[in-house]
Amino acid sequence: MAILFDVHPQNPQIRLLKQAAQMINDGGLIAVPTDSSYAILARLDDKDAAAHLRRIRGLDERHHLTLLCRDLAEIGHFAKVDNQQYRLLKAATPGPWTFILEATKDVPRRVSHPSRKTIGIRVPDHPITLALIEAVGSPLLSTTFIPKDETEPLNDPEEIMAHYGHELAGVIDSGSCPGTPTTVIDLSSGIPEVVRTGAGNPASLGL
């Protein structure tokens, strides 16, 4: 059964986040609030954890998973970014945006899109999410916590515990988060394409 971590929303207890980080490093999945909605997080290089994450969401290999990075510099290790793309990323991050970019060789092939070789990338604007990435020491594989065959993300940690406690290693409770998925922008073709409109307003980026 998952452990419920009661974490302060602005000043997260590092001791608790280190416990959650160890669960991720041990192959577990953690449900975490972000600046958009709850997400499920896993270690990037853990094949079984990635497969488990897809099973919970009911996703096939063609669905883009997302890497949560600490900053723009870290994005450059995992995605190929040209000058124009960099300017857009700089204007949007951190924040509730996911960008589809061409993956570098540092991204395991099993988590990138099988034919396009692309990956979702984002830098969240949430102290707990960022602190957890820091505690793990590397970007985390993630997906919005939308139940299988549903369209709205979960936003209640108690509900997540009740329905998915047997599937997860832990759930972080720091109060509610906005409950709206990120806005997804595909940059892989050279021309920005808004794939999903969510918490981020495309007009603020001139799109």
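The values are calculated or read from the model by the stated rules, or taken from the named source; none is laboratory data. Keep in mind it's a predicted model, so treat the numbers as computed, not measured. With ideal geometry, Cβ positions are generated from the backbone for all residues, glycine too; neighbour counts draw on all protein chains shown.
Return the pair list, or none, for Cβ contacts closer than 6 Å from residues in region 159-172 that are in a helix (DSSP H, G or I) to residues that are buried (at least 19 other Cβ atoms within 10 Å of the Cβ), at least 6 apart or on different chains.
ILE160/ALA31; ILE160/LEU154; ILE160/VAL171; MET161/VAL171
Could you grab me the full set of residues in region 181-197 that are at negative phi and either small (Gly, Ala, Ser) or more than 17 Å from the chain's Cα centre (by Cα) (or both)?
Residues satisfying the conditions are LEU187, SER188, SER189, ILE191, PRO192, GLU193, VAL194.
Please find, within region 99-117, the residue that is modelled with the highest pLDDT out of those that are buried (at least 21 other Cβ atoms within 10 Å of the Cβ) and not in a strand (DSSP E or B).
Here the residue is VAL107.
Just for strands (runs of 3 or more DSSP E) wholly inside region 1-85: which have at least 3 residues that are of a type outside the set (Phe, Trp, Tyr) and crowded, with 17+ Cβ neighbours inside 10 Å?
Because the criterion is at least 3 residues that are of a type outside the set (Phe, Trp, Tyr) and crowded, with 17+ Cβ neighbours inside 10 Å, the strands (runs of 3 or more DSSP E) in region 1-85 that meet it are 30-32, 39-43, 66-68.
Tell me, yes or no, whether region 139-155 has at least one residue that is in contact (Cβ under 8 Å) with a residue 24 or more places away in the chain, closer than 22 Å to ILE75 by Cα, hydrophobic (A, V, I, L, M, F, W, C) and surrounded by 15 or more Cβ atoms within 10 Å (Cβ to Cβ).
Yes, that holds for at least one residue.
Out of the residues in region 86-131 meeting the condition of being without any contact (Cβ under 8 Å) to a residue 60 or more places away in the chain and charged (D, E, K, R), tell me which one is farthest from ILE30 (Cα to Cα).
This residue is ARG87.
For region 118-138: of the residues being of a type outside the set (A, V, I, L, M, F, W, C) and assigned to a loop (DSSP other than H, G, I, E, B), which is surrounded by the fewest Cβ atoms within 10 Å (Cβ to Cβ)?
GLY137
Considering only region 157-196, how many residues are surrounded by 15 or more Cβ atoms within 10 Å (Cβ to Cβ), polar (S, T, N, Q) and out of contact with any helix residue (DSSP H, G or I) (no Cβ under 8 Å at 6 or more places or on another chain)?
Within region 157-196, residues that are surrounded by 15 or more Cβ atoms within 10 Å (Cβ to Cβ), polar (S, T, N, Q) and out of contact with any helix residue (DSSP H, G or I) (no Cβ under 8 Å at 6 or more places or on another chain) number 3.
Which residues, counting only those in region 151-176, are of a type in the set (Gly, Ala, Ser) and at pLDDT below 95?
Matches in region 151-176: ALA162, GLY165, SER174, GLY175, SER176.
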